[in-house]
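Just below is one structure, and these are the notes that go with it.
Each reported figure results from applying straightforward, stated rules to the coordinates on display, with no laboratory input. Here the structure is a predicted model, which means the values were calculated and not measured. Here the Cβ positions follow ideal geometry from the backbone for every residue, glycine too, while neighbour counts run over all protein chains shown.
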Amino acid sequence: MLYTIHQTLKTMKLITLLITVFLLNCGGANNGTVMAEKTNKLTSGPFTVSKVNGDAYSNLTVEFDTQTQKVSGFSGCNRFFGDYTVNGNQLNFGALATTHKMCSPEDNIKEQHLLKALAEVNAFDISGTTLQLKNNEATVLVAEQKSDNKIAQSENPSVDYSEVSRGSYKNIAIDNKRLSWVNERNAKAQTLTLNDTEWARVLELVNAIDLSTIPELEAPSKAHQYDGAAIGSLTVIKNGKTYRSQAFDAGNPNTILAAVIEKMIGLTNNK
């Protein structure tokens, strides 16, 4: 009788031990699954910025290319671009370069806030399509990624044209349907939104150019080198890459660039 009771107790202990091991293993597997679901991974594509240091913003973007670890975006006045490094949830941006458009004081302030926030970032958190860029535990920027316009936005170019001489200045810039221009130094930029037809024509003209050849295109004339003629320059930024032309005499660009420049000037003359 005692032997039977003893054997029964041993059997019950063994069963209890097996159940405990089973539950621990299940718990470990579940914990592992939860960890995998919470693991952050930065994704390529554009994010639309909604908040910078708690303030609501619109028309700002930040875009990542995870293959090349390049970052670019629109900061309210100019396009910016540069490198970043990521290690787990740690994120740091290198020195960011920008285009040099003349913009309104309001847009300049917005741009300064965004670039200052990006310089402070050392971590990130992403949940679904919402990205938070952080300085330690403090959130400095919130942005949203929309899958339906990811490809279209990433392919849209930013185009900048300038004419500069000792006595004159002109700058025209187009970025994602937004046209801005100034016709003299220190003037307030005029801005407007292109309609679908105008924007489609700009895209058609830019896409007709092999952008990689822009820096090599020779100017037809070089009067600006010796008689003070206005110097022209065209810059196209697309997918985080910058293509800047050689200096040319304003009004006489390389024929490959002429149609885009004429269209940009025409858009400002008609407004």
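Some notes on this structure:
- Unsatisfied cross-links (Cα-Cα over 19 Å) in the set 41/238; 116/238; 241/263; 177/263; 101/222: 41/238; 116/238; 241/263; 101/222
- In order along segment 126-137, the Karplus-derived 3J(HN,Hα) couplings, from 6.51 cos²θ - 1.76 cosθ + 1.60 at θ = phi - 60°, round to 10, 10, x, 9, 9, 10, 10, 9, 10, 10, 6, 8 Hz, and Gly and Pro are given as x.
- Label-to-label distance, nm, for residues given as residue 43 and residue 138 (7 Å Cα→Cβ offset): 2.9 nm
- Each label was represented as a point 7 Å from its Cα along the Cα-to-Cβ direction; for residue 247 and residue 125 these points are 5.1 nm apart.
- Efficiency of FRET from Cβ geometry, residue 225 and residue 192, R₀ 41 Å, rounded to 0.05: 0.70
- Amide proton proximity set for residue 57, modelled H, under 5 Å, gap of 5+: 51, 52
- Added length on full extension, which subtracts the Cα-Cα distance from 0.36 nm per residue, residue 67 to residue 216: 51.0 nm
- Theoretical FRET efficiency, 1/(1+(r/R0)^6), r = Cβ-Cβ of residue 185 and residue 259, R0 30 Å, to 0.05: 0.65
- Database remark: amide H of residue 43 closer than 5 angstrom to no amide H (H placed geometrically; neighbours at sequence offset of 5 or more, or on other chains; Pro and chain starts carry no H).
- Taking θ as phi - 60° and the Karplus parameters 6.51, -1.76 and 1.60, the scalar couplings of segment 180-192 work out to 9, 7, 9, 10, 7, 4, 6, 7, 6, 5, 9, 9, 6 Hz in sequence order, x denoting glycine and proline.
- Between residue 166 and residue 95, the modelled labels are 3.2 nm apart [label points 7 Å from Cα along Cα→Cβ].
- Couplings 3J(HN,Hα) of segment 233-240, computed from phi: 7, 10, 10, 10, 10, 8, 6, x Hz, in residue order, whole Hz [Karplus 6.51 cos²θ - 1.76 cosθ + 1.60, θ = phi - 60°; x for Gly and Pro].
- Proximity of backbone amide H atoms, modeled 1.01 Å from N, is registered between residue 78 and no other residue at under 5 Å, excluding neighbours fewer than 5 places apart on the same chain.
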